[in-house]
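The values are calculated or read from the model by the stated rules, or taken from the named source; none is laboratory data. Every value quoted in this text rests on a predicted model; they were computed, and no experiment measured them. Positions of Cβ are backbone-derived with ideal geometry, glycine not excepted, and every protein chain shown enters the neighbour counts.
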Amino acid sequence: MSHPTLAQDFVDNKPRAQWHDKALWFVREKRDRMAASVPEWEDLRSHASAIKMHTMSQLPTYLEMFEAKAKALGVHVHWAADGDEHNRIIHDILQKHNAKKVVKSKSMLTEECHLNPFLEKNGYEVVDTDLGERIVQLREETPSHIVLPAIHIKKEEVGECFHKHLGTEKGASDPKYLTEAARGHLRERFCSADAGITGVNFAIAETGGFVVCTNEGNADLGVSLPKLHIACMGLEKVIPRASDLAVFLRLLARSATGQPITTYSSHFHGPREGSELHIILVDNGRSGILAKPEFRRSLGCIRCGACMNTCPVYRRSGGHSYESTVPGPIGSILTPLRTPEQHSTLPFACTLCGSCTDVCPVKIDLHHQLLAMRGFLDRKKLLGMSKKMSMKFLSGLLSSTWMFTTAGSAARTALRWMPRFAIYNPLNGWGKQRELPEPPKKSFREQYADNNKNSGRPS
Amino acid sequence: MKVALFIPCYVDQFYPQVGMATVKLLDHFGVQHEFPKAQTCCGQPMANSGCMPEARPLALKYVDVFKGYDYIVAPSGSCVSMVRNHYESFFTEEDHAANEVRKRTYELSEFLVNVLNVTEIKGRFESTVGIHQSCHGLRELRLGPSSETMKPRKSLMANLLASIDGISFSKLQRIDECCGFGGTFAVAEEAVSCMMGEDRVNDHLAAGTKVLTAGDMSCLMHLEGIIRRRKHDIKVMHFAEILAEALTSPVAV
Ligand code: SF4
């Protein structure tokens, strides 16, 4: 389906769309207050952007450095070209350990690789341990936001879901009560898990260690109890130095949720005694993006979600309308790069307002990339016939001054004389909820000439 | 000083009063101007649709029409941003004419404040004005501070308006959220576009806006469309119209 169709469905439930908009705007405002409390905020952003750009310019070097250092710490390092290979590697590791029950903390990469359905198909029990992710998992949905996976769900609906799956009281919707129930439920899973899977927020080339940021501590618990930890990361997650964390950790939580820092920023440097640590480095299209200079900066994304919270379209169309693991502005760049045919409407789900660019902690020029993405789709002949033809027509019309003024005057006359029902016909997308401008008798160029004539100036 | 007026295509055809207000302002400040008649459109509708080959002839035409002028002034942040920030793929870096024309194209408030050094408008305008910050003026041309960035900037349009006697401003909940026009977006994503516009209008209604103003007529065309359909009591004026009208009611000494 296309974004406009799904967005229309979302907007059709106006109160819900308004509620969704407000919930995310609230997060955006929290972010604003937090950002404003850091006097060097804009410098931090520039710094973060420079580190990312530098890293991307020498990605292979830093990745190899990371691999060598991680191996020296006793980590098993794997490379996966795509999602399938990533999933197979995990399957192999789990098999070797005879692990059947897996707990997983939030990782957009594993979502991107569709790890859950793959593991379930192969007979594993996978439990998402992030509260929001667990909710969407129980509802058999996908996350609608990368930081707030269940932002589209109301607490009453969570209550219903927990009543059905966790046996909470019918009709209960008190967040504290529901969270307690989830904690109890998850605790059992943590205790019986054979393996813990996590994502990676930052992998440090200099040390071979990595950092996972969560607010619930579920990543720590999930990898501290079982004897096997598998960490999955996209190639772009590497940063050169440990000291660079000082930049990114300050930006990440402030941008994401308006907190000074994530509640847990867990550092992993090699396996615990008596257990195994595996890291899977996944490409899945990333090297292709690296090879495209106009889109390279999108790889700097630290997945804070701020561009979603601020996007006026995302807030009013919901994450699922993007049909993409990463929705919103950054998703509308990353996803069509990978699957342009299926996602050709995403770069157009945007007014080019530029709010995302200004909010992004690593200063990705999101709205310019969204514009460039439209050109990319045009070159791939994926704009759709009607759009392309109307632009060809318009270009021809506007190229000739005479045709333009004649058409303009004809349109104004028509609008003045045509009956209302003919103008506001079902084909007029503009006029469904809006009036057209009231057509003036004379255009500006005519009035300007009149004005000059009256004042004796040459026109 | 040789000044050319660049009046965006839809303003020329549908909002001539905005062009005439611009003329009045330039006249008032003693600026001689011309309207090069061959002009049509900067190419933005095509470029924003990704149709660069279709936008190209219009970019070439724009440079051809406006070369040789000291300044090119337009009452539109969006079209100026197109020329200044998005023309690079149409010309080589050494193209002198294109470089000059792009550099010399100014949005009206920029021209008034940064070139003519206008700091105040001596006149009266008694109403509660709600300012809509058009995105391209704000985040492409940086004509004011965007709420996302933590960098202090002055808002050229707001400062000019604030210097008028009798004017007051409504206080919005969301000071610079997009109106939802977005060119072809307005029709391609009609549902979201109209909800965005409606939300902006509601914010202005709640804040007591009597006159809604902006630097771009495209945003106002969309918002006015909603306001008129819903028969709200809000008048829509480009900021040039407010400035020009204020000048006609001089301050009592
Ligand atoms: S693109 Fe920027 S704002 Fe959006 S999620 Fe990534 S880092 Fe955050």
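Can you list the helices (runs of 4 or more DSSP H) found entirely within segment A:1-117 that contain at least 1 residues being closer than 28 Å to A:Ser355 by Cβ?
By residue number, A:3-12, A:14-36, A:41-57, A:108-112.
Which residues, taken from segment B:173-220, are within 17 Å of A:Trp25 (Cβ to Cβ) and in contact with a strand residue (DSSP E or B) (Cβ under 7 Å, 6 or more places away or on another chain)?
Selection gives B:His204, B:Ala207.
Which number in (1) within 13 Å of chain A (Cβ to nearest Cβ); (2) at pLDDT 95 or above; (3) in a helix (DSSP H, G or I) marks the one condition that B:Ser89 misses?
B:Ser89 satisfies every listed condition except (2).
Of all residues being within 16 Å of A:Gly209 (Cβ to Cβ) and not in a strand (DSSP E or B) in segment A:250-274, which is nearest to the ligand (Cβ to nearest atom)? Just the residue, please.
The initial filter retains those residues of segment A:250-274 that are within 16 Å of A:Gly209 (Cβ to Cβ), namely A:264-272.
Going one step further and asking which of them are not in a strand (DSSP E or B), we end up with A:269-272.
On the way: A:His269: 25, A:Gly270: 28, A:Pro271: 30, A:Arg272: 31 Å.
Only one residue tops the list, namely A:His269.
How many residues does segment A:297-338 hold that are more than 13 Å from the ligand (Cβ to nearest atom) and either over 30 Å from A:Pro15 (Cβ atoms) or hydrophobic (A, V, I, L, M, F, W, C) (or both)?
4
Can you give me the number of residues within segment A:281-296 that are out of contact with any Cys (no Cβ under 9 Å at 6 or more places or on another chain) and either touching a residue at least 40 places away in the same chain (Cβ under 8 Å) or near the ligand (Cβ under 10 Å from one of its atoms) (or both)? Explain how you work it out, then say what you get.
Start the filter on segment A:281-296 by keeping residues that are out of contact with any Cys (no Cβ under 9 Å at 6 or more places or on another chain), which leaves A:283, A:285-296.
Next cut, either touching a residue at least 40 places away in the same chain (Cβ under 8 Å) or near the ligand (Cβ under 10 Å from one of its atoms) (or both) only: A:283, A:285-290, A:292, A:294-296.
Selection size over segment A:281-296: 11.
Can you spot a residue in segment A:415-429 that is over 28 Å from the mean Cα position of the chain (by Cα), under 30 Å from A:Met308 (Cβ atoms) and without any contact (Cβ under 8 Å) to a residue 40 or more places away in the chain?
So far as segment A:415-429 goes, yes, one or more of its residues are over 28 Å from the mean Cα position of the chain (by Cα), under 30 Å from A:Met308 (Cβ atoms) and without any contact (Cβ under 8 Å) to a residue 40 or more places away in the chain.
Filter segment A:342-369 down to the residues that are hydrophobic (A, V, I, L, M, F, W, C) and facing chain B (nearest Cβ under 10 Å) and list them by number.
A:Phe348, A:Ala349, A:Cys350, A:Leu352, A:Cys353, A:Cys356, A:Val359, A:Cys360
Scanning segment B:144-163 for residues that are under 22 Å from A:Asn309 (Cα atoms) and of a type in the set (D, E, K, R), which turns out surrounded by the fewest Cβ atoms within 10 Å (Cβ to Cβ)?
B:Lys151
Mind listing just one residue for me: the one in segment B:128-143 that is crowded, with 20+ Cβ neighbours inside 10 Å and farther than 16 Å from A:Asp365 by Cα and, of those, farthest from the other protein chains (Cβ to nearest Cβ)? Working first, answer last.
Narrowing segment B:128-143 to residues crowded, with 20+ Cβ neighbours inside 10 Å: B:129-141, B:143.
Still in the running and farther than 16 Å from A:Asp365 by Cα: B:129-134, B:137, B:143.
Values: B:Val129: 21, B:Gly130: 18, B:Ile131: 16, B:His132: 12, B:Gln133: 10, B:Ser134: 9, B:Gly137: 11, B:Leu143: 13 Å.
Per the stated criteria, the residue is B:Val129.
Give all pairs with beta carbons closer than 7 Å in which a residue from segment A:1-28 that is surrounded by 14 or more Cβ atoms within 10 Å (Cβ to Cβ) meets a residue that is among the basic types (Lys, Arg); count only pairs at least 6 apart in sequence or on separate chains.
Every condition considered, the pairs that remain are A:Val11/A:Arg316; A:Ala17/A:Arg316; A:His20/A:Arg315; A:Asp21/A:Arg315; A:Asp21/A:Arg316; A:Leu24/A:Arg315; A:Trp25/A:Arg315.
Restricting to segment B:144-200, name every residue that is in a loop (DSSP other than H, G, I, E, B), closer than 23 Å to B:Ser109 by Cβ, more than 7 Å from chain A (Cβ to nearest Cβ) and hydroxyl-bearing (Ser, Thr, Tyr).
Matches in segment B:144-200: B:Ser155, B:Ser163, B:Ser170.
Which condition breaks for A:Gly396 when tested against (1) more than 16 Å from B:Pro45 (Cα to Cα); (2) assigned to a helix (DSSP H, G or I)?
Of the numbered conditions (1) more than 16 Å from B:Pro45 (Cα to Cα); (2) assigned to a helix (DSSP H, G or I), the odd one out for A:Gly396 is (1).
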